[in-house]
Amino acid sequence: MSDPNSPPKTRPFLDRLLFFLLWLRRPMRIANITPSGKHLAAAMVRGVPMDKPGSVVELGGGTGVFTAAMIRAGLPADDLVIIEREKTLFDLLTRRFPSSRVVLGDARDVHQIAEEAGANPVKAVVSGLPILTMNDEIQTAIMGGAFKAMGDDGVFVQFTYGPKSPVRQSVLDALGLTAVRAEKVPRNVPPASVYLYTVAPPAAETPLA
Ligand SMILES: C[S@@+](CC[C@H](N)C(=O)[O-])C[C@H]1O[C@@H](n2cnc3c(N)ncnc32)[C@H](O)[C@@H]1O
């Protein structure tokens, strides 16, 4: 019998083909013609505090590249909640990760979905979403919902192909969050960066004159 905590065998060629076909149908939603590579997946996993107890919620699981990397790094599969909006990918994730909670839904509902899945505490939210292309309102709903689910100790892990934080400063300021570029991943195609978002520390008090 297969071990639920050993990641399933991926099928890189078929996954790439499926991704490409879905991208042809919905380019804005899928956002990339191919799943992320193993170097980017490894960098995303390094953003997750593996030693801390708690669940991880993954947004936009796709074919499960980040999911498999997290399980390989020691995250129990049943500590994972995966939200995917595309039915074909949801079905694939459900088959591939039977011990994880896979939800067909929208990342904007992350707080409610995590709560209904009994994910408590949530230590990290790992996002494969094309968040750069989303407007301020959607970015705010996703980031706000993620930190509502995680609380102030959580970390939101996001990749981008762009030169700066894909979550805009106006959104970070409104939610009291701070962004740090944790890693550059030049070996991904295209080259990517991983950003970590956390609750901003309180501003230092200015001593009274
Ligand atoms: C660029 S792909 C990344 C997939 C995978 N994590 C990877 O890195 O290969 C973006 C994924 O996010 C999903 N997605 C886009 N918008 C979403 C939303 N609002 N809620 C949930 N999933 C969404 C897409 O269906 C797609 O699977």
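Which residue, chosen from Ala149, Ala68, Thr94, occupies the Cα position most advanced towards the positive end of the dipole of the range 13-198, where the dipole is computed from +1 (Lys, Arg) and -1 (Asp, Glu) charges on Cβ about the Cα centre?
Comparing the listed Cα positions along the dipole, Ala68 ranks first.
Eigenvalues of the Cα gyration tensor times 5, then square-rooted: what semi-axes does that give for the range 102-209, in whole angstrom, largest first?
Gyration-tensor ellipsoid for the range 102-209: 23, 21, 13 Å.
In the chain, what is the volume of the convex hull around the alpha carbon atoms, normalised per residue and reported in Å³?
128
Hey, what do the phi angles of the range 173-189 turn into as Karplus ³J(HN,Hα) couplings, whole Hz, using 6.51/-1.76/1.60 and θ = phi - 60°, x for Gly and Pro?
In residue order, the calculated couplings are 4, 5, 9, x, 10, 10, 10, 9, 7, 7, 7, 9, 10, x, 8, 7, 10 Hz.
Could I have the simple spin-label model distance between Thr133 and Asp91, label points 7 Å from Cα toward Cβ, reported in nm to one decimal?
Reported label-point gap for Thr133 and Asp91 is 2.3 nm.
Nothing charged except the Cβ atoms of Lys and Arg (+1) and of Asp and Glu (-1): what's the magnitude of the dipole of the range 13-198 about its Cα centre? Round to the nearest 20 debye.
Dipole magnitude for the range 13-198 comes out near 740 debye.
Pick from Gln139, Gln169, Gln158: which is most flexible by mean-square fluctuation in a GNM of the chain where alpha carbon atoms under 10 Å apart are linked?
Gln169
Report the full-extension gain for the segment Met50 to Glu205: residue separation times 0.36 nm, less the Cα-Cα distance, to one decimal in nm.
Length gained, Met50 through Glu205: 52.5 nm.
Using amide H atoms built in the peptide plane, which far-off residues or other-chain residues are under 5 Å from Val122 H to H?
Sorted by chain and number, the residues that satisfy this are Ser55.
Any read-out appearing in this document is the output of simple, stated calculations on the displayed coordinates, not a laboratory observation. Given the structure is predicted, the values throughout are model-derived calculations rather than measurements. When we count neighbours, we look across all protein chains shown, and the Cβ atoms used for this are built from the backbone with ideal geometry, even at glycine.
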